[in-house]
Each structure stands twice: as structure tokens, then as C-alpha cells.
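Asker: Below is one structure. I have some questions about it.
The values are calculated or read from the model by the stated rules, or taken from the named source; none is laboratory data. Small disclaimer: the values here were computed from a predicted structure and weren't measured. Neighbour counts run over all protein chains shown; Cβ positions are idealised from the backbone, glycine included.
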Amino acid sequence: DGQFRNAFTNNFLVGAAAKTEQLSSGSLDAAILSGQFNSLTAEYQMKPDIIAPAEGQYNWTAADELMAFAENNGLQLRGHTLLWHRTAPNWMLSGSPAEVKTKLQTYVTDVVTRYKGRIYAWDVVNEVITDDASLGDSYRRSNWWTASGGNADYIDWAFEAARAADPDCKLYINDYSTEFDDKRDRLITVVQDLLARNIPVDGIGHQMHISVSMPAAQVFRAVDAIDNQFMGLEQHITELDISVYSDPASCFADMTGCQTDYGDAIPDTVLRDQALLYRELFNGFTARSSLSSVTVWGISDAESWLADWPVTRTNAPLLWDGDRNAKSALQAILDSS
Ligand code: XIL
């Protein structure tokens with residue numbers, strides 16, 4: 001017991017994303033979380049639309065429950081996320097840029113203050129880098145961009161408010177597809193700009209939603225490129241999962257391009273490749289000193305968000321199967337560590 005977290009050196013955090021629905025006492029997921037992990041991320045219940053559904057109205061119930069579970073079971077909590085275009089409540093985005101700034105500052109201050117000293121890192125901003133290589137800059141043209149008056153000032157506002165509320169919490173910029181050079185280069189450009197202006201960024205989060213055909217070397221290149229660029233900046237792997245599908249790029253733009261559902265017949269060869277990739281990744285992650293935390297985006301294959309994204313399809317991206325038996329992927333990590 002405790003084999004997973006104990007497989008790594010001291011100060012290396014292994015986390016999972018979870019929701020309160022999984023934590024009822026006696027549940028298998030609660031036992032796996034408390035027994036095997038030492039970090040916890042809220043899968044959705046610390047996002048702004050849940051915490052602040054209406055102006056002047058906070059709903060802390062689920063967030064507090066996750067915080068209490070972590071503290072009662074010896075897990076550290078990773079905060080996710082203070083700002084994300086997909087979970088921005090409309091009230092926060094409405095009004096003049098000056099009004100939006102005040103609302104964002106108030107929200108960030110209140111949330112970070114509530115958990116001050118109890119959360120080791122916050123994803124201050126999530127997915128603010130554009131995927132559109134044809135823009136003249138690196139910023140996503142999101143609802144936040146528009147609400148700020150057509151610029152990226154909201155990123156500054158969020159980081160500054162978070163730092164003021166908790167000087168010791170590590171403040172992260174988190175994004176996906178950092179394993180691809182073009183997206184990562186845009187992220188690097190943004191972080192360079194933020195640091196040059198003394199915006200308090202402490203770390204870069206790599207989501208790492210990858211497929212079983214992703215070469216481990218490409219993942220490590222993402223971490224190493226950030227190291228080379230920003231000596232001293234921390235890094236976390238924040239949302240690791242390994243889809244059993246190797247979709248063509250068109251799967252995202254045109255869902256008919258996605259690989260056909262395996263149904264109940266995921267080939268053994270695919271699960272073996274997945275186990276080997278998990279093993280290689282954890283070996284490489286623990287060897288990299290700027291990386292101190294790796295979170296998998298869920299506990300068992302029964303709960304993964306990839307069941308519905310980018311299409312509804314059977315998937316098996318995690319370390320425990322739907323019955324909460326350890327998969328060969330978990331065994332492979334333990335065997336090699
Ligand atoms: C997902 C959760 O897994 C879902 O349960 C929720 O409905 C939507 O968000 N990138 C992120 C995560 O940063 O917050 C997302 O989590 C997955 C993609």
C-alpha cells in the first residue's frame with residue numbers, strides 16, 4: 001500500500017484529479033486517492049463557474065470538501081483554476097474593462113485568501129495561449145481577451161491579485177499541447193513577456209493529454225525546452241492521461257476524422273504500449289529536477305473525461321481500470337522505479 005507515491009523520491013508529488021462525487025467514505029476511489037497519491041486537484045469544483053455562479057454569491061461547499069479530504073488524508077492540494085475561458089461566469093465578463101478588472105481581482109483575492117497557505121500551487125490562468133498560428137501574437141482570442149478591451153491585460157490582473165493574496169503559493173500558467181513546438185514557442189513568448197514586466201509567474205504547467213502513439217522523447221523535449229529557456233522556473237505535469245486512440249489532427253476540427261471506437265475490445269497491444277509509455281514518462285519525469293509534481297487526470301478508466309471528448313467513445317487512459325484494479329500501466333511504473 002502507498003506503493004505508487006512511495007515509488008518516487010521525497011518531494012516528488014503524484015496527484016490525481018477528482019470530484020466530491022468520488023469521495024464518499026468507503027468508496028474505492030477515496031481509498032486509492034488517500035492510499036496511493038500525495039496530491040489532489042479538483043477536476044471541476046474549484047473553477048470560477050462553480051465557486052462564483054452569480055455576482056456576490058460564493059459556493060464553497062465542494063471546494064471545501066476537497067480541501068478537507070486532502071488535509072485529512074495527507075495529500076497536498078493543487079489549485080485549478082482561477083481563470084479559464086470555458087468556465088468564466090458571464091457576470092464576471094460583463095461591464096467595462098475597468099469593471100471586469102475589479103471583478104476578477106475580487107474573485108482571485110477571495111479564492112486565494114480562503115485557502116491561503118493550504119494550496120501549494122494555483123493554475124492562475126488556464127489555456128490563454130492561442131492555437132491560431134496566423135495571429136500576429138500568442139494570445140487566445142477568448143471571452144477574457146474581449147472583456148479586457150481586446151488585449152491580454154487580464155493575465156496580469158490575475159497573477160498580481162493572486163500574489164498579493166498569498167505570497168508563498170506557487171503561481172502557474174497552464175496549457176495543453178506544449179509537446180508541440182509551435183504551441184510551446186507561443187507559450188514561451190508569453191512567459192518571457194510576463195517575466196520581463198515582473199508579473200509573478202513561478203511555474204509552467206503542462207497538461208499532457210496525450211495519445212498512446214506520442215513518443216516519450218517529445219514529451220521530455222517540452223520540459224527540457226522550458227528548462228533551457230527559463231532557468232529556475234518550476235514545472236508541473238498537471239493533467240496527464242494517455243488516450244488509447246491515435247487520432248488524426250482532423251479529429252478536433254472535424255469529429256468524423258476520429259479513430260473508430262474500440263468498444264469493449266481495446267487491443268492488448270495498445271494497453272501494453274500505454275504501460276510502456278507511462279513507465280518511460282515517469283522515469284523521465286522523476287529525473288528532471290525542475291519537475292516536482294505530476295498529476296493524472298482522474299483515477300480510473302470509469303471516470304475519465306475522455307469518455308466524452310473529443311467524441312463519445314470508450315477510452316482507457318488512466319492507471320486503474322473501471323473496476324479499480326491496477327492496470328499494467330501502474331504495474332509498469334512500480335516495477336521500474
Ligand atoms: C475537464 C474535466 O475533466 C471535466 O469533468 C469538466 O467537465 C471540464 O473540464 N483541460 C483542463 C481541465 O484544464 O480543467 C479539463 O477538465 C480538461 C482539459
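Asker: Can you name every residue in region 222-255 that is without any contact (Cβ under 8 Å) to a residue 12 or more places away in the chain and touching a Cys at 6+ places or on another chain (Cβ under 9 Å)?
Answerer: Answer for region 222-255, where residues must be without any contact (Cβ under 8 Å) to a residue 12 or more places away in the chain and touching a Cys at 6+ places or on another chain (Cβ under 9 Å): Pro248, Ser250.
Asker: Of all residues being of a type in the set (A, V, I, L, M, F, W, C) and touching a Leu at 6+ places or on another chain (Cβ under 8 Å) in region 196-207, which is nearest to the ligand (Cβ to nearest atom)? Just the residue, please. Please lay out each step first, then the result.
Answerer: First, the residues of region 196-207 that are of a type in the set (A, V, I, L, M, F, W, C): 196, 199, 201, 204.
Okay, now just the ones that are also touching a Leu at 6+ places or on another chain (Cβ under 8 Å), so 201, 204.
Values: Val201: 17, Ile204: 14 Å.
Ranking the candidates gives Ile204 first.
Asker: Pairs only if they're at least six apart or on different chains, beta carbon under 9 angstrom, first in region 170-183 and without any contact (Cβ under 8 Å) to a residue 60 or more places away in the chain and under 12 Å from Asp202 (Cβ atoms), second more than 12 Å from the ligand (Cβ to nearest atom) and acidic (Asp, Glu); list them, first residue then second.
Answerer: Leu171/Asp202
Asker: Check Asp110, Asp123, Asp131, Asp175 and return the single one that is at pLDDT 95 or above and over 20 Å from the mean Cα position of the chain (by Cα).
Answerer: Exactly one of Asp110, Asp123, Asp131, Asp175 is at pLDDT 95 or above and over 20 Å from the mean Cα position of the chain (by Cα), namely Asp110.
Asker: Oh, and also: Pick from region 322-337 the residues that are within 19 Å of Pro267 (Cβ to Cβ) and over 21 Å from the mean Cα position of the chain (by Cα): which of them is surrounded by the most Cβ atoms within 10 Å (Cβ to Cβ)?
Answerer: Result: Ala332.
Asker: Could you look through region 1-39, keep only residues that are closer than 14 Å to Ala326 by Cβ and over 20 Å from the mean Cα position of the chain (by Cα), and pick out the one that is nearest to the ligand (Cβ to nearest atom)?
Answerer: Once the filter is applied, the top-ranked residue is Leu28.
Asker: What pairs come up if the first residue lies in region 187-213 and is under 25 Å from Asp247 (Cβ atoms), the second is in a loop (DSSP other than H, G, I, E, B) and of a type in the set (S, T, N, Q), and their beta carbons are under 7 Å apart, counting only those six or more places apart or on different chains?
Answerer: Leu187/Thr178; His206/Thr178; Ser211/Ser246; Val212/Ser246; Ser213/Ser246
Asker: Here's something else I'd like to know. Give the residue, chosen from Asp49, Asp64, that is touching a Pro at 6+ places or on another chain (Cβ under 6 Å) and modelled with pLDDT of 95 or more.
Answerer: Asp49
Asker: Counting only residues that are of a type in the set (Gly, Ala, Ser) and surrounded by 15 or more Cβ atoms within 10 Å (Cβ to Cβ), which one in region 97-149 is farthest from Ala52 (Cα to Cα)?
Answerer: Ranking the candidates gives Ser138 first.
Asker: Taking Asp264, is it under 28 Å from Arg78 (Cα atoms), modelled with pLDDT under 95 and loosely packed, with under 15 Cβ neighbours inside 10 Å?
Answerer: no
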